[in-house]
Amino acid sequence: RLFKTHQSDELSGISVIPDALLISFDTKNKLQISLIEYECYGDGKARSSEKSKYLNSHIIPQLMQFASSFSIITDKTIRDKTKKDWIAKIIDYTSENKELSDMIDSWVKEMKPNISTRAIISHFEKELMDAFESNIHIFLIIDELSYEQKETIKNIITSFKVENGNSVIFDASVIKLVQKISFVNQDFEYALTTQ
């Protein structure tokens, strides 16, 4: 709830807060920012028409809001304020947790092996800013999504460009709650499958 993509909690009835924020260290020694949204049709939306309406009227506009917040289509002053606010919150959050602090230190030392301990935080801030300007991902976790729907959403989201000219990246995982067939571990009755 720390990471709003707009000043209010909702924009035209659409939530502007992603369900999760994932910062990862990719193979090119760069940070990647992923805004994660979890949506589940569940039993409440059983018919195809209900799912389609919800996808078009709620899910896609919400993902577009996330992508636009860091895209060059948004006013630079607003965009810069959002990035600075998020970076300050990330620094505060990671500084309060020794495990996260140690992980950040190891990432920065891998990026810049000779860095002094005092310079780690400022370098991490610089790398976060670079990620917000070049390596933004929108990741949807959902219980049903056809290949065609995924490609349509991907085309919409990749139309948003960030500062360095890259597109915002879209990806999705379809998850299902299933009853386990294996009885190896008697403590767990259900499992999540991902595709």
* Zone of residue 84 (label point 7 Å along Cα→Cβ, backbone N under 18 Å): which residues in the stretch 133-152? -> 133
* Asked: With every protein chain left in place, what is the accessible area per residue of the stretch 38-143 in square angstrom, probe 1.4 Å?
  -> 55 Å²
* Structure fact -> Beyond 27 Å (Cα-Cα) in this structure, taken from 84/161; 51/81; 76/109; 112/150, we find 51/81; 76/109; 112/150
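The values are calculated or read from the model by the stated rules, or taken from the named source; none is laboratory data. Keep in mind the model is a prediction, meaning the values are calculated, not measured. Virtual Cβ from ideal backbone geometry, glycine too; neighbours counted across all protein chains shown. With ligands, DNA and RNA removed, areas are computed over all heavy atoms of the protein, side chains included. Shrake-Rupley method; radii C 1.70, N 1.55, O 1.52, S 1.80 Å.
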